[in-house]
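Engineer: Structure incoming, see below.
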Amino acid sequence: MKIHQIIRTRRQALGLTQEQLAGKLGVSAPAVNKWERGNSYPDITLLPVLARTLGVDLNTLLSFQEDLTEQEIGEFLCRLHEEGR
């Protein structure tokens, strides 16, 4: 899942409205709405408190994966090759 899906899913699972989550973070409800639609991202300084509020760790919030997929490795190698020209 991407960050916007995690924010929306966890907020809803916790029974919070966008307004309530915004109040806990000190941001506006429209900001939370933009995050959940994937139109913008939370400020990096908000990530720890956002993760705690949603009951997830930062790795989960940021969709961190320990291992790259074969496709991701291939795309990375292609970008390196293109930049090396």
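Engineer: Assuming R0 = 22 Å, can you tell me the calculated FRET efficiency for the pair Asp57 and Ser28, based on Cβ-Cβ distance, to the nearest 0.05? Let's see the in-between values first.
Structural biologist: Details: r = 26 Å, r/R0 = 1.16.
In this case the efficiency is close to 0.30.
Engineer: Right, here's the next one. Need one word for the range 26-70: rounded, prolate or oblate. Basis is the Cα gyration tensor (sqrt eigenvalues a ≥ b ≥ c); a/c below 1.5 gives rounded, then a/b vs b/c decides. Working shown, then result.
Structural biologist: On the way: a/c = 2.79, a/b = 1.61, b/c = 1.73.
Oblate is the answer for the range 26-70, as a/c is 1.5 or above yet b/c matches or exceeds a/b.
Engineer: Once Rg and Dmax of the Cα atoms in Å is worked out from the coordinates, which option in (1) 16.0, 48; (2) 16.0, 52; (3) 18.5, 56 does it equal?
Structural biologist: (2)
Engineer: What does the charge dipole of the range 1-52 about its Cα centre add up to, to the nearest 20 debye, if the Cβ of each Lys and Arg holds +1 and the Cβ of each Asp and Glu holds -1?
Structural biologist: On the way: 8 positive and 3 negative charges, 31 e Å.
I would put it at about 160 debye.
Quick note: the coordinates plus some simple rules give every number you see, no bench work behind them. These numbers come from a predicted model, not from an experiment. Neighbour counts are summed over all protein chains in view; Cβ atoms, including those assigned to glycine, are modelled from backbone coordinates with ideal geometry.
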